[in-house]
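Novice: Take a look at the following structure, please.
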Amino acid sequence: MDIEISKNYNVRRLQQWLDYELSTFILMLLSWFVHFALLLAIIAAVIFTPFMLKVLFEERRFGWIVFFFLMVIFPAAGVLFLNIDSAYKAVAELISLALFYFYCFILRLAIKDW
C-alpha cells in the first residue's frame, strides 16, 4: 500500500497553521493589559517562523521569504541592536510583533491562490 502525499499538502498545512497563528493576534491585543498574553504571542511567533519559512522555501516562494526578512527580521534586529530608551524599545518590540502578524495575515490571503 503506497501512501501518496498531495503536492499541495504543505500549502494546505501552512494555511491551516496560519489560521491558528492569526488567532494569536488577539493575544497581542490583550498584551496591553496582560503581559502573559504578550509572552504567549512572542513564543507562538518564534515557534511558527521556522515552519513557515520551510514551507515557503519548499514551495520556492523566494519573494515571500525576502519580503519576510524586509518586513519582520530587519526591523526586529534593528530594535535589538539600536540603543534607545526602554519605553520606546518596548513600543518598538510591539510594533515588530505586529509586523509579524500582519505578514501572516497577508500570507494567509495570498496562499488561497496557490
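Novice: For segment 69-104, give me each residue that is in contact with a Leu (Cβ under 9 Å, 6 or more places away or on another chain), of a type in the set (A, V, I, L, M, F, W, C) and more than 13 Å from Leu14 (Cβ to Cβ).
Specialist: Met71, Val72, Ala76, Ala92, Leu94, Leu97
Novice: Taking the options Ala98, Ala90, name whichever one is within 10 Å of the chain's Cα centre (by Cα) and small (Gly, Ala, Ser).
Specialist: Ala98
One line per residue, one yes/no per condition, for (1) assigned to a helix (DSSP H, G or I); (2) among the aromatic types (Phe, Trp, Tyr); (3) modelled with pLDDT under 90:
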position	(1), (2), (3)
Leu39	yes, no, yes
Lys54	yes, no, no
Phe57	yes, yes, no
Ile65	yes, no, no
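Novice: Can you find even one residue in segment 103-110 that is of a type in the set (D, E, K, R), in contact with a helix residue (DSSP H, G or I) (Cβ under 8 Å, 6 or more places away or on another chain), in contact (Cβ under 8 Å) with a residue 24 or more places away in the chain and outside any helix (DSSP H, G or I)? Please lay out each step first, then the result.
Specialist: Keep residues of segment 103-110 that are of a type in the set (D, E, K, R), which gives 108.
Among the residues that remain, those that are also in contact with a helix residue (DSSP H, G or I) (Cβ under 8 Å, 6 or more places away or on another chain) are: 108.
Applying the additional criterion that residues be in contact (Cβ under 8 Å) with a residue 24 or more places away in the chain yields 108.
Keeping just the survivors that are outside any helix (DSSP H, G or I) gives none.
No, every residue in segment 103-110 fails to be of a type in the set (D, E, K, R), in contact with a helix residue (DSSP H, G or I) (Cβ under 8 Å, 6 or more places away or on another chain), in contact (Cβ under 8 Å) with a residue 24 or more places away in the chain and outside any helix (DSSP H, G or I).
The values are calculated or read from the model by the stated rules, or taken from the named source; none is laboratory data. Predicted model only: the values in this text are computed from it and were never measured. Note: ideal-geometry Cβ built from the backbone for every residue, glycine included; neighbour counts use all protein chains shown.
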